Structures are given as structure tokens and as C-alpha cells.
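First comes the structure, then the notes that go with it.
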Amino acid sequence: MQQVGVIGMAVMGKNLALNIKHNGFSVSVFNITREETDDVASKYADENLLPTYSWEEFVKSLEKPRKIIMMIRAGKPVDETIEHLKPFLDIGDILIDGGNSYFRDTNRRHADFGRLGIKYIGLGVSGGEIGALNGPSMMPGGDSSSYAALSPMFEKIAAKNPDGIPCVAYIGPEGSGHYVKMIHNGIEYGMMQLICEIFDVLRKALGWNNKQIADQFEVWNSGDLQAYLISISSKVLRKKDNITGKDMVDVILNEASYKGTGNWMLEDAINLGAPISVIAAAVFARFMSTLAIKDHVLDDKPTLAKIDSDLVPAFGNALYLAQAVSYAQGFQQLKMASQAYDWSLNYSSIAQIWESGCIIRSKTLTDIRNAFNEKPQLDNLFLAPFFTALRLSHLSDLRLVVAKAGAFGIPVPAFSAALSYLESIFNSSLPANLLQAQRDYFGAHTYRRNDKPGIFHTEWYDEA
Ligand code: NAP
């Protein structure tokens, strides 16, 4: 009998199964299309990796209570797979969805299985195929009573943070694990867009080539800005195209695609009223890249002398602060979701899970973990002493990047959003007073006063 089963032998499922096997657990594997299972079997089958070829054979090969991980395409395939499995499952079995499922689908499946006595876990997994093989960051949510049975294996196969702690911990009820993965992906959108924007500023306002920018990213990656996404951006910029010999980045079509987790985060941000402006700017920038009218370039760019490279350290500071805003907005939405959905999320633990193995891993996440350790219910990351100091020391550099980009006609939507967020969040004189007056003028929506309590309405037409 095998200890765990994995369904789905595409990149993630195959590599996760191999990770489980390498860590000393026996695993059964199954894929709906036989060829994928055959491929894995031909390379890796032994007493610890058993290929199976029917739903029944797969389920019956597992010791009870069964632990089954689905690593398949999110959406309908998960519901179809559940229907195939259901006739063979017993009360107490644990079914785990390790794909990028929408959290409301996981809420529904969790409730359905709860009624059947089968334990359901929605598991966010990050780190791509290398992470899946060598140690992913893992965000399990759902049936808490089953976590004790899973944690020895999860803790072995997960990445370890710089203190050697496994990057996995129980997140909370229902689809909260998939929710946290969705927020991870939104932060990832923000960080990627900010790196792309600083790349654009360095090449257009300073006239730097890809190699110079790669070198600068490497310098940044060895300091406070240390982050997986900065390190891979440096490597990407050094890569040559085999066909033309040009820099790879220069032959890649200038259009970004997306799978939808960023959109889901925005949808729920709108439900909750979470101001995740950097992440929204990043999602919209991807939309923009496909809509940009490329054969009608208007020759209206300002012609300015190139910026002096003395400003590059200030640009690095701006990137560091803006990346922190992307994290802060993600954690703000997590806090609002935790309250709205009654999930009691632990933000320090979530930061620790993201410290290694995942795409948004960075030095900053250790500072975020420390901030939430000191004050678990921190309202905003920028209220923590470390991030207050960061804002005070680097805000002028963020203003500088946005101003310089504006002068050169370089769009920096994510940097602009980060700046406006910080200018707004600590601001008691936003122009919302005029806005409330406008609403009251045309719709009698009322307003509150700053000099006495109560709700007021003014007869504007008489006075106008
Ligand atoms: P994928 O391309 O998202 O999905 C392919 C897998 O789903 C294949 O095994 C495929 O089987 C199976 N599948 C599709 N329709 C099915 C159906 N109706 N019934 C049963 N199985 C079905 O593969 P992936 O990139 O390995 O990702 C797996 C999951 O992990 C996804 O939810 C993905 O979003 C998530 N994820 C991916 C990454 C990444 O870097 N790729 C990172 C984190 C999370 P066939 O071989 O027969 O087509």
C-alpha cells in the first residue's frame, strides 16, 4: 500500500510526486491520459512510485485513511475528477486540491465533502516546477482535523526558510489556503510589473542596455532588494536568442498574458473595499500591453538629456519601497478577508511560508514576518517601526522615479500607484470632503461633519 497518491502528471504533479518519493514516502500516480503516466513510469517507477491506470486501481493502491493530492487544471477538471473519485472514497479519507483553484470553488467543495465525512484541503502551492521538485511553499486550508495527518509529509517536502523552518503551516478554514495563494499571485503581479517599469526607466531615461541593467539588478539582489524575481530578471536580461543571437528579451513579443488569479484578487478586493492599487495597476498593465496601438506611435515624447547614473541608487530605493507597498496591499486584503470570512489568519505565519520556495520570496518577507510577530493584528504594514522608517527614508526617491518617468513620457502605473497609496494612507486631508458634498448635492447622500457627530444633509439648490 502506498502512503499518498498524486493525480495529474503535468509539470507540477510529476515533480511533486518525485519530491514526495525523494523524501522517503511511497506514492501512487495517476493521469487521466495514459501516456503521461507511462512517461513517468518509464523513468521513475520503483517500489516507492507506483503507476496506476484506473481511478479504482489508483484509490485502492493507497493505505487508509487515503491521502490524495490533485495537481490538475483548476475549474471543471477538479469537479470531474471529484466525481470519478467519489465512488471509491471512504469516510475519513483526505482529498487535497493542490492546483490554483478559485477560493469560492474550494469553499463549495469543502462544504460538500464535509457532509460526506470526507476531509477536504485546498492547498496553495508556489514555486513552479523547480519548487515542486525541490521544495515548494505550501498554503493548506480547509479541514483542520486532517492537518496533523498531513503535516509530517508536508513539512518534509516543503521549502525551508532562512531559519530552517518549513514553508508550510495550516492557514485556516474553507478555501483560505487557496485565497492566500491568490493573494501571493497578486503580490507577484505587482512586484513583476515594478521590475518591468524600472527596467523601462533605466533603458529609456538613462539609455542603458540590457547587460547594464542585468548588472544593476545583480547589485540590487545582493542587498536589501534581494528577491527571487529580481534575480531571475537579471538572468533573463543576459540570455541570448539561439536563432538571432540577439538578447532574448528583445525578440519576445511585447504582450503579457495571464491566467486569472490577479483578476480574482481584484474582484474580491472590490467586494471587500481593499485598496490594492499597485496590484490593480499591474493587472491593467497586462491588459494594456495587448491593447497598445503599436503601429500608430505618436512622436510626442519629450527629448531630454539622459539622466545621470548617480540617481540609480535612488531608483533602487524607490523599487524597494514600492515592492513593500505591493506586499502591504496584499496583507491589507488578507486582513480584510480574514475579518469578513471569519478565518483568523496568522499573518506572521503566512509571511514565513512565503520566505522560501515561492515566487515572491525576498529579504523583505523576513522583515514582514518580524513586524507581524511584534504586533499580530497590525492594521497596516507601514505602521510597523521597520516599514515606517523605510517610508520616511525612501519616499522622496519614489517621488523622484515617478517625476522623472513622467518627464520622459515613460508610463509607470505601478510606481505611481505605490506613491499615491503612501501619500493617501497617512493623510488626514484627502479631498473626500468635496466628494461627499458632490454626492449630497446631486443625490442627498448625506455627510458627516468634522466638528460634531451625526448625519447631515444640506439643501444645496437654495444656497447655490
Ligand atoms: P496544467 O497545465 O494546469 O494542468 C494539466 C493537468 O491537468 C494534466 O495532468 C491534465 O491531464 C490534467 N487535466 C486537465 N483536464 C482534466 C480533466 N478534465 N480531468 C482530469 N485531469 C485533467 O498543469 P500544471 O502546470 O502542472 O499545474 C497543475 C495545477 O497546479 C494547476 O491548477 C496550476 O494552476 C497549478 N500551479 C501551477 C504552477 C506552474 O508553475 N505551472 C505553479 C503553481 C500552481 P492530461 O495530461 O490528460 O491533459
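From the list A285, A292, which residue is of a type in the set (G, A, S), closer than 26 Å to Y189 by Cα, free of Cβ contacts under 8 Å to residues at least 40 places away in the same chain and open to solvent by less than 90 Å² (accessible area, probe 1.4 Å)?
Of the residues listed, the single one that is of a type in the set (G, A, S), closer than 26 Å to Y189 by Cα, free of Cβ contacts under 8 Å to residues at least 40 places away in the same chain and open to solvent by less than 90 Å² (accessible area, probe 1.4 Å) is A292.
A149: modelled with pLDDT under 95 and not charged (D, E, K, R), yes or no?
yes
Go through the stretch 217-245 residue by residue and tally those that are part of a helix (DSSP H, G or I) and either open to solvent by 30 Å² or more (accessible area, probe 1.4 Å) or in contact with a strand residue (DSSP E or B) (Cβ under 6 Å, 6 or more places away or on another chain) (or both).
Total meeting the criteria: 8.
Looking at V4, V11, V59, V29, can you tell me which residue is at pLDDT 95 or above, within 11 Å of the ligand (Cβ to nearest atom) and open to solvent by less than 50 Å² (accessible area, probe 1.4 Å)?
Of the residues listed, the single one that is at pLDDT 95 or above, within 11 Å of the ligand (Cβ to nearest atom) and open to solvent by less than 50 Å² (accessible area, probe 1.4 Å) is V29.
Could you check T37 against (1) under 21 Å from S146 (Cβ atoms); (2) within 16 Å of the ligand (Cβ to nearest atom); (3) in a helix (DSSP H, G or I); (4) out of contact with any helix residue (DSSP H, G or I) (no Cβ under 6 Å at 6 or more places or on another chain) and say which number it fails?
Condition (1) is where T37 drops out.
Going residue by residue through the stretch 350-358, is there one that turns out to be more than 20 Å from M192 (Cβ to Cβ), surrounded by fewer than 21 Cβ atoms within 10 Å (Cβ to Cβ) and touching a residue at least 40 places away in the same chain (Cβ under 8 Å)?
For the stretch 350-358, residues more than 20 Å from M192 (Cβ to Cβ), surrounded by fewer than 21 Cβ atoms within 10 Å (Cβ to Cβ) and touching a residue at least 40 places away in the same chain (Cβ under 8 Å): absent.
Could you look through the stretch 94-124, keep only residues that are open to solvent by less than 10 Å² (accessible area, probe 1.4 Å) and among the β-branched types (V, I, T), and pick out the one that is farthest from K156 (Cα to Cα)?
T106
Please go through (1) within 14 Å of the ligand (Cβ to nearest atom); (2) surrounded by fewer than 18 Cβ atoms within 10 Å (Cβ to Cβ); (3) charged (D, E, K, R) for K156 and return the number of the only condition it doesn't satisfy.
Failing condition for K156: (1).
Across the stretch 40-56, which residue is farthest from the ligand (Cβ to nearest atom) among those that are open to solvent by 50 Å² or more (accessible area, probe 1.4 Å) and not in a loop (DSSP other than H, G, I, E, B)?
Restricting to residues being open to solvent by 50 Å² or more (accessible area, probe 1.4 Å) and not in a loop (DSSP other than H, G, I, E, B), the top hit is D46.
Examine the stretch 298-312 for a residue that is at pLDDT 95 or above and in contact with a helix residue (DSSP H, G or I) (Cβ under 6 Å, 6 or more places away or on another chain), and state whether such a residue exists.
There is no residue in the stretch 298-312 that is at pLDDT 95 or above and in contact with a helix residue (DSSP H, G or I) (Cβ under 6 Å, 6 or more places away or on another chain).
Working carefully through the options T388, T303, find the one that is more than 20 Å from the chain's Cα centre (by Cα), open to solvent by less than 50 Å² (accessible area, probe 1.4 Å) and of a type in the set (S, T, N, Q).
Of the residues listed, the single one that is more than 20 Å from the chain's Cα centre (by Cα), open to solvent by less than 50 Å² (accessible area, probe 1.4 Å) and of a type in the set (S, T, N, Q) is T388.
Which count do you get for residues in the stretch 197-216 that are open to solvent by 60 Å² or more (accessible area, probe 1.4 Å) and closer than 18 Å to A407 by Cα?
Matching residues across the stretch 197-216 total 2.
Looking at (1) closer than 27 Å to D200 by Cβ; (2) open to solvent by 10 Å² or more (accessible area, probe 1.4 Å), can you tell me which one Y341 breaks?
Against the list (1) closer than 27 Å to D200 by Cβ; (2) open to solvent by 10 Å² or more (accessible area, probe 1.4 Å), Y341 comes up short only on (1).
The values are calculated or read from the model by the stated rules, or taken from the named source; none is laboratory data. Worth saying up front: this structure is predicted, and the values here are computed from it rather than measured. Every residue, glycine as well, gets a Cβ built from its backbone with ideal geometry; the counts of neighbours run over all protein chains shown. SASA here: full protein model, heavy atoms, side chains in, ligands and nucleic acids out. Shrake-Rupley method; radii C 1.70, N 1.55, O 1.52, S 1.80 Å.
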